[in-house]
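The values are calculated or read from the model by the stated rules, or taken from the named source; none is laboratory data. The structure presented is a predicted model; accordingly, all values stated were derived computationally and were not measured. For neighbour counting, all protein chains shown are included, and Cβ atoms are generated from backbone atoms with ideal geometry for every residue, glycine included. All accessible areas refer to the heavy atoms of the entire protein, side chains included, with ligands and DNA or RNA removed. Shrake-Rupley method; radii C 1.70, N 1.55, O 1.52, S 1.80 Å.
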Amino acid sequence: MIENRLRNEELKKRIMEPSEAAKLFEKGMTVGTSGFTPAGYPKAVPLAIAERKESGEDLELTIITGASVGDELDGALARSGVLKRRYPYQTNKDSRNGINDNKIEYADMHLSHTPQWVKYGFFGNIDIALVEAVAIREDGGIIPSTSVGNSNVFVEKADKVIVEINTSQPLSLEGIHDIYSPKNPPNREPIPVTKTEQKIGTDYIPCDLEKIVAIVITDKKDRTRPVAPIDETSKKISGNLINFLKKEVEENRLPKNLLPLQSGVGSVANAVLGGLIDSDFENLKIYSEVIQDSALDLLDSGKVVFASGTSLTVSPDRLDNFYQNFSKYRDKVILRPQEISNNPEVIRRLGIIAMNTAIEVDIYGNVNSTNIMGSRMMNGIGGSGDFTRNAYLSIFTTESIAKNGDISSIVPMVSHHDHTEHDVHVIVTEQGVADLRGLSPKERAKVIIENCAHPDYKEKLYEYYNESFDVCKHKHTPHCIEKSLSWHAKFLKEGSMK
């Protein structure tokens, strides 16, 4: 079977065990790895690197990925102490704890910025690119597995390349990738993507044969995350969103088949997107980062005719079936580098409808999507900023309360700003929809409180707004500064905002 996957005879001499490949990493190196939302990330070599640290070696690395990766990478390196600096997005529990416990330096970044920073040299030298593949061509071209992310940029810029050929990933993935890398300014040209389904590059990552210093054969499956069942609250959020989109069609602000859809990751985003299956919308297209369960369901139902992303992230329960039946999706999906999937130029040209998840929203439409109570990093901004600022429509969804009602997701002022009022068009909760387009701050406050806040907190929000308006000398965006974060302070002290 390896002959089908490793097609260059000379490269067969560079096959080695994970433990041997792990010895190529030295303290202080910067390593770029494949992987985007636990899909297509290296697994065997990171585990071997962690073992080196656990055996007493002094080894610390800076790790740059596409987005989040599986426990074999983020988790193992965080627990062992290898992971000292991390970019640009993560979701692993041990990685998150290391960041919040001041053991790991973490810079949260827009995902479209990361590949540019690598190319511009802002991260310094990339010592090793460690990428997962389904095969290597005779000319050294690397055929990615279930994600592209930043793999092509790491391979291009790294001094050395290590490839994990994963035999658990179906070889039928070959051909679905579209690798295109823009030039750096001042030589950058327009990205020629004008349709969701359009291919503009190669179906492999070009790589100089001499850069490949090690090849590891593995069969470890992607350790993706389960998706929570769609509950009644998520159904209400999805229903409210679909009704809003229907109204946009009726008002001739959207075509009947909408515009290409982007959806964030996670259970709420999956449920919101999944609600379109029972809607009247047809011939939909997806131009997003992650193609997850709900997107596959929409493809299966015929509601979606094509999906473009940078990763295929399928929940554990359906992963085997997905691999075995991938052939039915081959002509309906493209995986691109995140420099293209998240590119503001393309997002704006295609007119994307961006649907992302908020942790909290304030009464003026600012959104926090990263930090709990202002300082505890959850995951990161991911690609939500790329899409929000450049979308035809930018929509944020959230349940109106959290922690069994002890937290209101609609607050006087967000404890951390990720998406400002200037970029957020629509807020959707299970309570209703706040269309913020064209409204002044005072108008936004009233619409958000009335339509999106939970009944348990609505009166308190009105009280805050009215008091702010009365005491604030300047009436454009009235705030009681001394009370604007009092709800968060109350929760931290008493365990409830009520």
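Considering the conditions (1) among the polar types (S, T, N, Q); (2) in contact with a Phe, Trp or Tyr (Cβ under 8 Å, 6 or more places away or on another chain); (3) part of a helix (DSSP H, G or I); (4) surrounded by 24 or more Cβ atoms within 10 Å (Cβ to Cβ), Asn152 is excluded by exactly one of them, (2).
Going by the structure shown, is Asn102 out of contact with any Asp or Glu (no Cβ under 7 Å at 6 or more places or on another chain), surrounded by fewer than 22 Cβ atoms within 10 Å (Cβ to Cβ), of a type outside the set (A, V, I, L, M) and at positive phi? Here the answer is yes, as Asn102 does meet what is asked.
Among the residues of the range 263-306, the ones that are under 22 Å from the mean Cα position of the chain (by Cα), among the polar types (S, T, N, Q) and either more than 17 Å from Ala39 (Cβ to Cβ) or in a loop (DSSP other than H, G, I, E, B) (or both) come to 2 in all. Each residue in the range 121-138 was checked for being open to solvent by 10 Å² or more (accessible area, probe 1.4 Å) and under 22 Å from the mean Cα position of the chain (by Cα), and 2 of them qualify.
Residues in the range 279-298 that are of a type outside the set (S, T, N, Q) and over 21 Å from Leu254 (Cα atoms) were compared, and the one that is surrounded by the fewest Cβ atoms within 10 Å (Cβ to Cβ) is Asp297. The number of residues in the range 315-360 that are within 20 Å of Ala271 (Cα to Cα) and surrounded by 15 or more Cβ atoms within 10 Å (Cβ to Cβ) comes to 13.
Quick one: would you say Asn97 is surrounded by fewer than 24 Cβ atoms within 10 Å (Cβ to Cβ), part of a helix (DSSP H, G or I) and of a type in the set (S, T, N, Q)? When the stated conditions are applied, Asn97 passes them. You will find that of Glu72, Glu132, Glu57, Glu51, the residue that is under 30 Å from Glu210 (Cβ atoms), assigned to a loop (DSSP other than H, G, I, E, B) and at pLDDT 95 or above is Glu57 and no other. Would the range 240-259 turn up any residue that is buried (at least 18 other Cβ atoms within 10 Å of the Cβ), part of a helix (DSSP H, G or I), touching a helix residue (DSSP H, G or I) at 6+ places or on another chain (Cβ under 8 Å) and touching a residue at least 40 places away in the same chain (Cβ under 8 Å)? Yes, the range 240-259 contains a residue that is buried (at least 18 other Cβ atoms within 10 Å of the Cβ), part of a helix (DSSP H, G or I), touching a helix residue (DSSP H, G or I) at 6+ places or on another chain (Cβ under 8 Å) and touching a residue at least 40 places away in the same chain (Cβ under 8 Å). Quick test for you: out of His419, His479, His474, pick the one residue that is modelled with pLDDT under 95 and either open to solvent by less than 40 Å² (accessible area, probe 1.4 Å) or more than 26 Å from Gly382 (Cα to Cα) (or both). After ruling out the rest, the residue left standing is His474. Close contacts from the range 469-498, counting a first residue that is touching a residue at least 40 places away in the same chain (Cβ under 8 Å) and closer than 16 Å to Val361 by Cβ and a second that is of a type in the set (A, V, I, L, M, F, W, C) and part of a helix (DSSP H, G or I), with Cβ to Cβ under 6 Å and a gap of 6+ residues or different chains, come to Met497/Trp487; Met497/Phe491.
Filtering Ile162, Ile176, Ile191 for residues that are out of contact with any His (no Cβ under 7 Å at 6 or more places or on another chain), crowded, with 24+ Cβ neighbours inside 10 Å and of a type in the set (A, V, I, L, M, F, W, C) leaves a single hit, Ile162. Only one residue in Lys221, Lys183 is outside any helix (DSSP H, G or I), open to solvent by 60 Å² or more (accessible area, probe 1.4 Å) and over 18 Å from Tyr41 (Cβ atoms), so which one is that? None of the others qualify; the one that does is Lys183.
Consider the range 139-148 and keep the residues that are of a type outside the set (Gly, Ala, Ser) and within 21 Å of Val69 (Cβ to Cβ). The one that is surrounded by the fewest Cβ atoms within 10 Å (Cβ to Cβ) is Ile143. A single member of Ser384, Ser394, Ser400, Ser409 is free of Cβ contacts under 8 Å to residues at least 60 places away in the same chain and closer than 30 Å to Tyr180 by Cβ, and it is Ser394. Could you tell me whether Ile191 is under 30 Å from Pro344 (Cβ atoms), modelled with pLDDT of 95 or more, among the β-branched types (Val, Ile, Thr) and touching a Gly at 6+ places or on another chain (Cβ under 9 Å)? Criteria not met by Ile191.
Scanning the range 223-242 for residues that are within 16 Å of Phe396 (Cβ to Cβ) and not basic (Lys, Arg) yields Thr233, Ser234, Ile237, Ser238, Asn240, Leu241, Ile242.
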